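Participant: Submitted below is the structure of interest, expressed as structure tokens.
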Amino acid sequence: MLVGVVFGLQSLIVMKAAYGERIEWWRPVAMNVLCYVNWWILTPVVLALGRRFPLDTLSWKRSLRVHVPASLLIPTLYLVLCQLTSFRWLRPAMYKPQSTGSEFALSIFGNVHLEILTYWTIVGIQWAARTFVSTANMEARLAEARLQALRVQLQPHFLFNTLNAISALVHEDPETADRMISRLSELLRLTLQSSGRTEVTLREERALAERYLGIEQVRFEERLAVSWRFASDLEEALVPALLLQPLVENAVRHGIAKRSLPGRIDLEAARENGTLVIAVTNDGPPLLKGRVAGVGLSNSEARVTALGGSLSLADVAGRVRAEIRIPYRTGAGGRA
């Protein structure tokens, strides 16, 4: 409709230049607006052709053999409809050819090049929208595949280690083994609750990490202390599912487990402007030079990077610090 108004004003200027004040201003505007209403009828036809014969597939050459003649026929039909619905009645008398055939010819050959461009614009917008949706779906499937790969990598490994620890305690310390089994069941229950979701709230992610560290505290007893500093107003922040698990497992395996003395893991979450900062700091040996990140950390880094964030590991004051920075978002999908 807006395009019709614009072209109507353009026609008015041209006609004014050619015929002076004798042209009524409303005629060319109404003529073009009513004409463009016909695209409402024909656009679904163009979109149907675009769906049936897409240009973004391997069969684009076959599709092109359909679209090229269609880009001539549909604009011609459009201009015929324009002639019948508006041009014939609203065209200024001094601008009308002598015969009906000449008037049709003027309507078609004088405007068909613009309407061919309109046809290809509709096809192009449809292709761009389909490409955008396809890319978004592909990214969502990729994120889900990464998350699934992370679950597959983490769960059997952790479950194997935990069951080994439980089996060693069953006869020596049944009470401790029973506590580990109870915490393991809680952890598995929470993991199942988050399955199928690529994002969870920070509160849910903390609950999962707490169960994991609770099991490790039973294993290491006084050798492992855990400190949490999570601001309560960050509980509803959205984070990738299983974000903390690789970090805390890395802190236990490469930090606490390598020490004979007691150690501590500090977990912090803070908000810096529009960024959510999550850090896991542990006692233990410094990072090895040239160390390659494992599957869990590599997977987490890829998912964090996809959100426009970052994951870094560094030696800080004799401890190892893993820090994640991602855009702060809440369940409402907005940023603050």
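The values are calculated or read from the model by the stated rules, or taken from the named source; none is laboratory data. Because the structure is a prediction, the values reported are computed rather than measured. Heads up, the Cβs are rebuilt from the backbone with ideal geometry, glycines too, and the neighbour counts pull from every protein chain shown. Surface accessibility is based on the protein's heavy atoms, side chains included, excluding ligands, DNA and RNA. Shrake-Rupley method; radii C 1.70, N 1.55, O 1.52, S 1.80 Å.
Participant: How charged is the neighbourhood of S312? Take every other residue with its Cβ under 13 Å from the Cβ of S312, and add Lys/Arg as +1 and Asp/Glu as -1.
Facilitator: -1
Participant: So, one more: Where does each of L243, L72 land when they are ordered by accessible area, with a 1.4 Å probe and the largest first?
Facilitator: L72, L243
Participant: Under the rule of at least 5 residues apart or a separate chain, name every residue whose amide H is placed under 5 Å from the amide H of T198.
Facilitator: For T198, whose amide H was placed from the backbone, there are no distant partners under 5 Å.
Participant: Which value, in Å² and to the nearest 10, is the accessible area of K61 when all protein chains are kept and the probe is 1.4 Å?
Facilitator: 130
Participant: Just to make sure I understand: if all protein chains stay in place, what is the order of T198, T281 by accessible area at 1.4 Å, largest first?
Facilitator: T198, T281
Participant: Return the Cα extents of the range 165-285 along principal axes one, two and three, sorted largest first, each rounded to a whole Å.
Facilitator: Cα extents, longest axis first: 51, 33, 21 Å.
Participant: Moving on. Using a 1.4 angstrom probe on the protein heavy atoms only, could you order M31, M138 from most to least accessible area?
Facilitator: Highest to lowest solvent-accessible surface, that is M138, M31.
Participant: Can I ask one more? On the full set of protein chains, 1.4 Å probe, figure out the accessible area of L64 and give it in Å² to the nearest 10.
Facilitator: Looks like 60 Å² after rounding.
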